[in-house]
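The next block holds one structure in the form of structure tokens; read it before the comments.
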Amino acid sequence: MKLLLAVFIFPIILYGQNYPQDAFQSPLEIPLDISGSFGELRSNHFHSGLDFKTSGKEGLPVYATGDGYVSRIKISTFGYGKAIYITHPNGFTSVYGHLQKANGAIQDYIIKNQYKEKSFEIELFLYPTELPIKKGEIIAFTGNSGGSGGPHLHFEFRDTKSEQIINPMHFGFKKIIKDERKPIIQGVVAYPIDSTTVNNSQKPINISFSKQADGSYLSIKVKTNGKIAFGINAYDFCTNAYNKNGLYKVKTYLNGVLQYQYGFDSFAFDESRFINNFIDYERFHEMGQRVQKLFQLNEYPLSIVSGNKKNGIINVQPNSNYTYKVEIYDFHDNKVELIIPIEFAFQETKIKKNIQKTPYYIKAKNESIFEKENISVYIPENAFYSNFYMNFEVNKDVVTLHDDSVPVQKNITLTFNDVFGLSEEQLSKTYIATLDGYKLEYNKTYRKGNNFSIKTKTLGKFKLAQDSIPPRIYNVNFVEGKTLTTQKNISVSVSDLHSDIENYNAFLNGKWILMEYDYKTKKLIHNLEDGIYVTGRNDLKIVVTDNLQNSTTFESFFFK
Ligand SMILES: [Zn+2]
């Protein structure tokens, strides 16, 4: 009886969550057009909210979606940029990201704390009484801050207690966002499992399909002599927008029996990197195409996926007929179906799987330590999703750690031991670079005497490099010695050839001033409305330091 109850209750908890439908309003006054859906497949993560278009502009008012209080503010150069979190009394928190600036008392609070901490980047946690918010209040203005590739509003919901991210569509937004268009299937890939042959291939192979009169899709017959699985490349489009958005739900059936399914209702941040196992990463690396695998070769903990014990893999037996069906849904229940007929057949293998063996076989479940010359590599358990032969070479000063076609889940430590032949001055400017063609990319490097190490989640080629060149400060937006009359801000551009800017400080007449850093335009900007500059002469000093502690000081003056 207990078991029976569990079977019935489990799906209710999973899919029947009662989210409030009328508690929240739109955060924008313009119609909501989606340029990014919840769970959409991004680099190393699933998208954690909805992205709303802002007519290609910044500065649109952002409204509090419900009553509550500002519980957290985070200002960062990357990621969400300027972000505000509002905690609501019903157990949920809404998040607004990539903002241009906050409004009113919130903005004053931010500026006050940035001056107090003498830092542009800050993270603040607030008490409920500090900044209470009413539904519909203007809290901020839309922008393009942080890791945003164009003006938009990132809008997110979380369970306040668990921080589990929830699809905002569940909170009544489905009603105000239009989507009458069905998802579109762009490609289907068949995966031979182990050493089976599928349509004459031991490698993953494209399966062609065509649209039927009833709007569903039918593929060519798939012939195999054993285990097989499938992947799809598919998108959704909303009524008013032409962006490729992600899917909401996918279900697969074998002869009518549910085989595998996933749905983007909710997930935790620490699951997000599993996207690199969720997609066919090798294919993504080669072709830039994100094919979602409708199976798990090795089980991994991604809560959006549920299915039977076969994890989507079909064991095709002689003298049996199979119909494999894929159902693809968007959040508005627009559905597309694909039928794949499967037949058992022995056939010639025309495309062979080629595995290049090396002495460095990785068992993904175990930790591994490899050493060669003065190089050591530490790989923790479950850093990789499956076993493979790693290519590990040391050639003069270049270390090859396979290549970035293999995704990495956890940090791998690479150490250059006993580095010799360099002066102390040179050693202090040494770092481990990733070699991208001839280009050197900085990695945060830890030094212990003559040993240098990095933690990395990207395989590739590495070498030691030195950076003794200080950052550049240029492109000043005022003329030295002139009186500023109409100007609203002072700005400079900053750049560093090798290792990127680590920190900067600016002073006006000896007082620390806030300069906002926008890495996309490489600009440091001080808003004169902060009111630090004085009537008469103003002396400006900016000190910029790179990751190897090379620093540049810029000094100038102007009049008010
Ligand atoms: Zn977003």
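Of all residues in the stretch 90-145, those satisfying the criterion of being under 19 Å from N527 (Cβ atoms) and among the charged types (D, E, K, R) are K101, D108, K112, K116, E117, K118, E121. Restricting attention to the stretch 113-145, which residues are surrounded by 14 or more Cβ atoms within 10 Å (Cβ to Cβ) and of a type in the set (S, T, N, Q)? Result: N113, Q114, S119, T142, N144, S145. Tell me which residues, restricted to the stretch 532-544, are assigned to a strand (DSSP E or B) and surrounded by 19 or more Cβ atoms within 10 Å (Cβ to Cβ). Result: L540, I542, V544.
Being away from the ligand (no atom under 16 Å from the Cβ), surrounded by fewer than 22 Cβ atoms within 10 Å (Cβ to Cβ), modelled with pLDDT of 90 or more and part of a loop (DSSP other than H, G, I, E, B) is the requirement here; does S195 meet it?
When the stated conditions are applied, S195 does not pass them.
Here Y389 meets the list (1) modelled with pLDDT of 95 or more; (2) within 23 Å of the chain's Cα centre (by Cα); (3) among the aromatic types (F, W, Y) almost entirely, failing just condition (2). Total residues in the stretch 371-382 satisfying the condition of being free of Cβ contacts under 8 Å to residues at least 40 places away in the same chain and open to solvent by 30 Å² or more (accessible area, probe 1.4 Å): the figure is 6. Does L435 satisfy the condition of being part of a strand (DSSP E or B), in contact (Cβ under 8 Å) with a residue 40 or more places away in the chain and surrounded by 14 or more Cβ atoms within 10 Å (Cβ to Cβ)? The answer is no for L435. For the stretch 275-305: of the residues being open to solvent by less than 30 Å² (accessible area, probe 1.4 Å) and among the aromatic types (F, W, Y), which is farthest from T93 (Cα to Cα)? Among them, the one singled out is F295. Between I84, I73, the distinction of being in a strand (DSSP E or B), at pLDDT 95 or above, away from the ligand (no atom under 16 Å from the Cβ) and under 24 Å from F120 (Cβ atoms) belongs to I73 only. Taking the stretch 35-45 as the range and being surrounded by 15 or more Cβ atoms within 10 Å (Cβ to Cβ) and either within 11 Å of the ligand (Cβ to nearest atom) or part of a loop (DSSP other than H, G, I, E, B) (or both) as the test, the residues that pass are S35, G36, S37, F38, G39, E40, H45. Being closer than 25 Å to K396 by Cα, among the acidic types (D, E) and touching a residue at least 24 places away in the same chain (Cβ under 8 Å) is not true of D530. Of everything in the stretch 338-362, what is under 34 Å from the mean Cα position of the chain (by Cα) and either more than 27 Å from N298 (Cβ to Cβ) or surrounded by 13 or more Cβ atoms within 10 Å (Cβ to Cβ) (or both)? Give them in sequence order. Listed by number, the residues that qualify are L338, I339, I340, K353, T358, Y360, I362. E529 meets the stated requirement of being outside any strand (DSSP E or B), surrounded by fewer than 18 Cβ atoms within 10 Å (Cβ to Cβ) and at pLDDT below 95. Criterion applied to I184, I193, I165, I176 was being under 24 Å from S35 (Cβ atoms), hydrophobic (A, V, I, L, M, F, W, C) and over 25 Å from the mean Cα position of the chain (by Cα), and the one residue passing it is I176.
The values are calculated or read from the model by the stated rules, or taken from the named source; none is laboratory data. All of these numbers come straight from a predicted model, not from anything done at the bench. Cβ atoms come from the backbone with ideal geometry, glycine included; neighbour counts cover every protein chain shown. The accessibility values were calculated without ligands, DNA or RNA, using every heavy atom of the protein model including side chains. Shrake-Rupley method; radii C 1.70, N 1.55, O 1.52, S 1.80 Å.
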